[in-house]
Amino acid sequence: MQSKFNRRSFIKRAALAAGATPFIGFPNIGSAAGLRPGDRLRCAQVGCGIRARTHLEQVYFRYGQELVAIVDPDERTYGRIFSYLKDHGIDTGKIQTFTDYRVMFDKMGKQLDAVFVTAPNHHHANVAMMAMERGINVYCEKPLCHDIAEGRRLREAAAHYKNVATQMGNQGHCMEGYRRLCEYIWAGMIGNVTETHSWTGKSNGGVGPRPPTLAVPPGLHWDSWIGPAPYRDYHADLHPHEWHGWYDFGNGTLGNMGCHILDGVFWALQAGHPDSIEAEMIRGGTEERCPTGSRVRWDIPAREKMPPLKAYWYEGLNATTTDSPVGVTRLLTGNARNLPPLLAELQKQYPDEELDVGDGGTLYIGDKGIIHTQTYGERMHIVPMGKMDKLPQPPIILPRPKDVFEDFIDACRAGRNETAAPFDYGARLTEFVILGNLAQHAGVGRRVEWDGPNMKVTNIPELNQWIQRKPRKGWKA
């Protein structure tokens, strides 16, 4: 695949990047009122799509917090949300509704203890920053941000607002699997790990040009949906879920699943900044659409006692015959899936081993053995499974937090910003993951050399336009 740049788009995006201002500090607006251990949090839900239902089930039904506001640019979601709440005995009479979170913050900022963000990626950093600046605790779904500069700014803000609890919603980080993985790898149970192979069966991308303009559906406030992203007219393959596959709003399959599946790679192997990233295969996609399949490699230098590491990512399709002429957002099965060849080799070597391909997973290749984890770190085990029973168990050295929602709620009540997956960690993990988008933009076989401390690509300067995007007028946090 050739590079996807053309002169017009380069000049346009480079001009936007050049206009962006450096980070110069944060306002001191205040902090949320003190909470006690038994207090109910007054919460706002920003984004009422598919993921919001999980938040409702956990935060309000299971843990009994108080929902006081919902924000979604599509008014059609309100009826579904209210019906679901009423079915679970929640009084919806006092819940306020908004189509623009800026209005919600202006009107209710002092009445909120926590904000839960399940909006599309391009809104994540804006909502999170507005919450922190007002002293409001914030839980944001993954990926934490849409571009790398947003993540750096969120890290700085989280460090500045020390009494605000922050949490990124990568629930696997709170679970046993990845914590046990860290302990096994740090204890040298599989020796020096020099390769990892991570995959997902999801495909969030598309092929072909932008679809024709359509009339905005009744009840959808399109300007609020676009938010800080570059304006475009409404068309198919965007709302409510297909936005994942457009670079202006999402980060493709990497953004959708990478913070889950690559969490163990980044954490257990202390990956930090890679030296380079490269796309070895790309299927589908265009300059503005994410691919329907790709294979990406991160080249990570030696870290303390760990040797250099090559981390591979396999997403979506591995066959052009099944590329859709329109957007693709689905879970793939069968021979079209893009999977590590090592999986088939291990299955032949250990025919009785249940190497469940599932929605996704990772193989960690050490010089003394191999570990397999599933999408959220579940079923962590040395291959073959029976080998673990014959080895000494490494000591438990990491804390075992409660689930990701209870952990956040407890932190809010305690007035502390230490959570299991705070923005400091979430931003660094997100940056590592969406560096893969830079490799996809560059095209197959173009090694992207990354200067992490200075946040820039050193050998393909036109890629730097994707690192920081100037928000649309009126939408800067």
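The lysines whose alpha-carbon is closer than 21 Å to the alpha-carbon of LYS387, local same-chain residues fewer than 8 away aside, are LYS348, LYS368. Largest first, the three principal axis extents of the alpha carbons in the chain are 61, 55, 44 Å in whole numbers. Excluding same-chain neighbours fewer than eight residues apart, the aspartates and glutamates reachable from LYS470 by a Cα-Cα span under 14 Å are ASP147, GLU150, ASP248.
Rounded to the nearest 0.05, the FRET efficiency derived from the C-beta distance between GLU353 and ASP106 at R0 = 35 Å is 0.05. When segment 218-300 is described by a simple charge dipole with +1 on each Lys and Arg Cβ and -1 on each Asp and Glu Cβ, the residue from GLY252, VAL296, GLY264 located farthest towards its positive end is GLY264. If we count every other residue with Cβ under 10 angstrom of PHE116's Cβ, Lys/Arg +1 and Asp/Glu -1, where does the sum land? Around PHE116, the surrounding residues sum to 0. Diffusion coefficient of segment 250-296 by Stokes-Einstein, Kirkwood radius over Cα pairs, 10 °C, 1.306 mPa s: 132 µm²/s. Taking the inverse of the mean reciprocal distance over all distinct Cα pairs, the Kirkwood hydrodynamic radius of segment 43-119 comes to 12.3 Å.
Going from the fewest other Cβ atoms within 10 Å to the most, the residues LYS348, LYS110 appear in the order LYS348, LYS110. Think of it as helices only: each DSSP H run of n ≥ 4 in the chain is worth -39500 (n - 2.57), and spread over all residues that comes to -8500 deg cm²/dmol at 222 nm.
Put simply, the C-alpha atoms of segment 217-291 give a gyration tensor, and the ellipsoid matching it has half-axes of 30, 15, 11 Å, longest first.
Among the GluC sites (Glu not before Pro) in segment 343-388, those placed in a DSSP loop whose Cβ has at most 12 other Cβ atoms within 10 Å are GLU354. Listing MET130, MET388 from fewest to most neighbouring C-beta atoms within 10 Å gives MET388, MET130.
For HIS146, the residues 5 or more places off, or on other chains, whose built amide H falls under 5 Å of its own are ALA125. Neighbours of THR92, meaning other residues whose beta-carbon lies under 13 angstrom from its beta-carbon, give a summed charge of 0 when Lys and Arg score +1 and Asp and Glu score -1.
Applying 1/(1 + (r/R0)^6) with R0 = 51 Å to the Cβ-Cβ distance of MET455 and ILE397, what FRET efficiency is obtained, to the nearest 0.05? The calculated FRET efficiency here is 0.95. What you get for segment 287-417, charging only the Cβ of Lys and Arg (+1) and of Asp and Glu (-1), is a dipole of about 360 debye around the Cα centre. Rounded to the nearest 20, the Cβ-based charge dipole of the chain about its Cα centre (Lys and Arg +1, Asp and Glu -1) stands at 960 debye.
When exposed loop sites are taken as chymotrypsin sites (Phe, Trp or Tyr not before Pro) in a DSSP loop with at most 14 other Cβ atoms within 10 Å, the longest stretch of the chain clear of them is 232-477. When both bridge partners sit in the chain, DSSP labels roughly 65% of those beta bridges antiparallel.
If you scale each eigenvalue of the Cα gyration tensor by 5 and take the root, what three semi-axes come out for segment 231-364, rounded to whole angstrom and sorted largest first?
Whole-Å semi-axes of the equivalent ellipsoid: 28, 21, 13.
Take VAL265, VAL404, VAL127, VAL444 and order them by how many other Cβ atoms sit within 10 Å, fewest up front. Could you put the intermediate results ahead of the total?
On the way: VAL265 29, VAL404 22, VAL127 26, VAL444 16.
So the residues, fewest neighbours to most, are VAL444, VAL404, VAL127, VAL265.
A dipole drawn for the chain from +1 and -1 charges on Cβ atoms has a positive end, and of LEU220, PHE82, GLY64 the residue lying farthest that way is LEU220.
Every number in this text was worked out from the coordinates using simple rules, so none of it is lab data. It should be emphasised that the depicted structure is a prediction, and the values quoted were computed from it without experimental measurement. As a convention, Cβ positions derive from the backbone with ideal geometry for all residues, glycine included, and neighbour counts pool all protein chains shown.
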